[in-house]
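**Student:** Pasting a structure here, questions to come.
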Amino acid sequence: MITIKLTRKWFFLLAAIAAFIVTGIVFAAWSTSGSGTGYAKAGTASALTLGDASASTSADLYPGATGAVKVKVTNPNSFPVRITSVAKQAAGSISSDKGAACNASTGVTFTDQTGLTLDLAAGATSTFSLANAVAMSNASDNTCQGAVFTIPVDVTAISNAS
């Protein structure tokens, strides 16, 4: 049997070198890298839907005055949106729940609303009030008193995810 005698200094030095080599081998055995391609896919936006907001309207419209328009909007998307404009449909006609005499002479006009910042959460429904968006002229028939007017509008929105 051969016995090798090392001084304490040499023993610790050799132990440190051995530990360093073992650590390097273990680290090298578990370290790896690679390259390739990552993928992401954009979702598809669904159209906003407008619902009946007549129950929440207030009687603030009369001949010679302006009033608020209520718009009830549902966002079926999985992301929030910001409504930026509400415009009267070009081919649509403003009508009332009072019948032909009122409809023939409503004198009611809608002013397109732009530059809006109406936020609507994902999957939410909210009713927005557009102040001074509708006006009634003095040409309105007397049968229009108490009428609820239906105004066909288009709503424009953008995604509002932060």
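**Student:** Where the second residue is in a strand (DSSP E or B) and among the acidic types (Asp, Glu) and the first is within 16 Å of residue 95 (Cβ to Cβ) and lies in the range 122-149, which pairs have Cβ atoms under 8 Å and are six or more apart or on separate chains?
**Tutor:** Once the first residue is within 16 Å of residue 95 (Cβ to Cβ) and sits in the range 122-149, no partner that is in a strand (DSSP E or B) and among the acidic types (Asp, Glu) comes close enough.
**Student:** Okay, next question. Which residues, taken from the range 26-44, are open to solvent by less than 100 Å² (accessible area, probe 1.4 Å), of a type in the set (Gly, Ala, Ser) and at pLDDT below 90?
**Tutor:** 28, 29, 31, 34, 42, 43
**Student:** Residue under question is residue 75, and the condition is that it be in contact with a Gly (Cβ under 7 Å, 6 or more places away or on another chain) and modelled with pLDDT of 95 or more; does it hold?
**Tutor:** Spelling it out, residue 75 is indeed in contact with a Gly (Cβ under 7 Å, 6 or more places away or on another chain) and modelled with pLDDT of 95 or more.
**Student:** Continuing with the same structure: List the number of the failed condition for residue 3; all other conditions in (1) polar (S, T, N, Q); (2) modelled with pLDDT of 90 or more; (3) farther than 23 Å from residue 115 by Cβ hold.
**Tutor:** (2)
**Student:** Which members of the range 71-99 meet the condition of being assigned to a strand (DSSP E or B) and crowded, with 18+ Cβ neighbours inside 10 Å?
**Tutor:** 71, 73, 81, 83, 86, 88, 95, 96, listed by residue number.
**Student:** Within the range 45-59, which residues are outside any helix (DSSP H, G or I) and either within 21 Å of residue 122 (Cα to Cα) or open to solvent by less than 60 Å² (accessible area, probe 1.4 Å) (or both)?
**Tutor:** If the condition is that a residue be outside any helix (DSSP H, G or I) and either within 21 Å of residue 122 (Cα to Cα) or open to solvent by less than 60 Å² (accessible area, probe 1.4 Å) (or both), then 45, 46, 47, 48, 49, 50, 51, 52, 53 are the ones that fit.
**Student:** Let me ask another. Please verify whether residue 32 is over 30 Å from residue 162 (Cα atoms), of a type outside the set (D, E, K, R) and not in a loop (DSSP other than H, G, I, E, B), treating the condition exactly as stated.
**Tutor:** For residue 32, the condition - over 30 Å from residue 162 (Cα atoms), of a type outside the set (D, E, K, R) and not in a loop (DSSP other than H, G, I, E, B) - is not met.
**Student:** Can you name the residue in the range 100-110 that is surrounded by 15 or more Cβ atoms within 10 Å (Cβ to Cβ) and free of Cβ contacts under 8 Å to residues at least 40 places away in the same chain and is also farthest from residue 153 (Cα to Cα) among such residues?
**Tutor:** Only one residue tops the list, namely 105.
The values are calculated or read from the model by the stated rules, or taken from the named source; none is laboratory data. Remember, predicted model here, so these are calculated numbers, not experimental data. Quick reminder, even Gly has a Cβ in these numbers, built from the backbone with ideal geometry, and neighbours come from all protein chains shown. Just the protein is used for accessible areas: all its heavy atoms, side chains included, with ligands, DNA and RNA removed. Shrake-Rupley method; radii C 1.70, N 1.55, O 1.52, S 1.80 Å.
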